[in-house]
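The values are calculated or read from the model by the stated rules, or taken from the named source; none is laboratory data. On a predicted model such as this, the values are computed, not experimentally measured, just so you know. So basically every Cβ, Gly included, is an ideal-geometry build from the backbone, and we count neighbours across all protein chains shown.
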Amino acid sequence: MDIDHTHFPLTLKQCRVISEIMKKGTEKDASVALNLSQPSVSRALSQAEQALQVTVFTRGWSGVEPTSVGEVVISTCNNMLQAIAETERQLQNHVSSPLKLTHYVEWRHLMIIEAVVKVGSASVAAQTLGITQPAVSKTLKEVENMVQQPVFSRARRGLITQPAAKQLASLYLRISPVAQSLLHRLQSLPHALTGRLSVGMLSFSCQDIVPIAFASILKQHAGIRLQAMQGPYHMLANALRQGEIDCFLGLMRKGPIHPELVELPLLNAQYALIARSDHPIHKEAKTLNDLTNERWIVARHGTPIRDYFDSLFRNINNIPPIQALEMLTFASSEELVIHSDAIALLFYDDWNIKQLNPRLKQLAIALPKPECTIGITLHRERQSDIIKAFIEELKLTILNKLRPLHDVTSDAKTRQKHKKKSDQ
């Protein structure tokens, strides 16, 4: 009789594996902590997911990450393991040798202890559980080795329960209902979108709309686990290909660098030359030729901004002194410009350029074809309902963000029409 699989969806070994993978972040590190081989850890996790019919972990940005249903499984495992650890601490007070309960105890140990405590006989407990008496006796010896103290003493009329057995039986009665109810808990989760949404962001890209889209998703889909991280293009593209993230946002290139990736445009933007508002260059410069001796802050090579910058000055046969800009947010890059004499080439959508920091000013120099596009990069074959919901929220957020500008433009056109009519 396999007590673990007959009565419980997860073995306690599987619980230990799941909990340790969560703590360490990788199966390899978990195997070291548990003193198990990595194949053994992988097998235990796979068997647990098959038994529960859920995915507990998914590959993430810096290791494995729990899914939303995985969070429920992990919480359940941790609660049971903490109860076991607390019982071990109590039992440790009676002996000096270190105990092994938390590392090796399984359901059969606790179930057999509880059965013997209840009936006071190894043979009767064996009959009750449908196993042999030698199996019961062998299990009792294993438990005594774990707790380093007797669990029963013999008497004419049967076995006398020792304090250790009472504590272990009480432990079983506390945690067994938690384990047995796990499947029901998972099945009764709301039928809403669940899983992970991990979004990468290139420098300066959508920091003002992603949190709003995230907030809307949180309200509608409590079962989605949200993440956002920043990084350079090649890092995010590789992370997307490997399934560590689900998508990333930023300035669109002339096409993704990998055939399995696709780009979806979201928001029109334009390149802009920015300097601090009191910079004398605003009065002195009329064309790009007037800027060649200035100090510049521009994104590094391999980015659309740098490609555009190089094309600007290549056309006038002059490349000015440059410092690569590694800042990740508009706020930090703008602060750098405010506190320096440098000029920066940045990009803004219509709303952000109108909301420019008053300590900054756009240079009144027309740029050739300054239009650019902010978009989202997806994996061609991995576009889940969660990602689709996120894209819809992004589009709605962008629409709401730009609507006041559109309303102002519409009002201005209406006023012009009325003025023409009145003039006529």
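Quick look at the values:
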read-out	value
Region 262-289, subset charged (D, E, K, R) and in a strand (DSSP E or B), residue nearest to Ile374 (Cα to Cα)	Glu263
Ser181 being surrounded by 17 or more Cβ atoms within 10 Å (Cβ to Cβ), of a type in the set (S, T, N, Q) and closer than 18 Å to His7 by Cα	no
So Ser153, is it surrounded by fewer than 16 Cβ atoms within 10 Å (Cβ to Cβ), in a strand (DSSP E or B) and modelled with pLDDT under 95	yes
Residue match in region 195-203 (condition: out of contact with any Pro (no Cβ under 9 Å at 6 or more places or on another chain), buried (at least 16 other Cβ atoms within 10 Å of the Cβ) and not in a strand (DSSP E or B))	no
Single match in Ile131, Ile112 (criterion: assigned by TED's automatic domain parsing to the domain that holds Glu49, under 27 Å from Gln47 (Cα atoms), part of a loop (DSSP other than H, G, I, E, B) and aliphatic (A, V, I, L, M))	Ile131
Evaluation of Gly195 against (1) out of contact with any Leu (no Cβ under 9 Å at 6 or more places or on another chain); (2) at negative phi (one fails), failing number	(2)
Criterion (closer than 22 Å to Arg300 by Cβ and buried (at least 16 other Cβ atoms within 10 Å of the Cβ)) met by exactly one of Gly250, Gly255, Gly223	Gly250
Count - residues of region 241-266 that are more than 19 Å from Leu346 (Cα to Cα) and in contact with a Pro (Cβ under 9 Å, 6 or more places away or on another chain)	2
Scan of region 156-168 for residues that are buried (at least 21 other Cβ atoms within 10 Å of the Cβ) and of a type in the set (Gly, Ala, Ser), ordered by number	Ala164, Ala165
Qualifying residue in region 225-232 (condition: under 25 Å from Val64 (Cα atoms), of a type in the set (A, V, I, L, M, F, W, C), touching a Lys or Arg at 6+ places or on another chain (Cβ under 9 Å) and touching a residue at least 12 places away in the same chain (Cβ under 8 Å))	yes
Residue check for Leu99: buried (at least 19 other Cβ atoms within 10 Å of the Cβ), touching a residue at least 24 places away in the same chain (Cβ under 8 Å), assigned by TED's automatic domain parsing to the domain that holds Ile175 and assigned to a loop (DSSP other than H, G, I, E, B)	yes
Residue among Ala237, Ala215 that alone is buried (at least 16 other Cβ atoms within 10 Å of the Cβ) and either of a type in the set (Val, Ile, Thr) or out of contact with any strand residue (DSSP E or B) (no Cβ under 6 Å at 6 or more places or on another chain) (or both)	Ala237
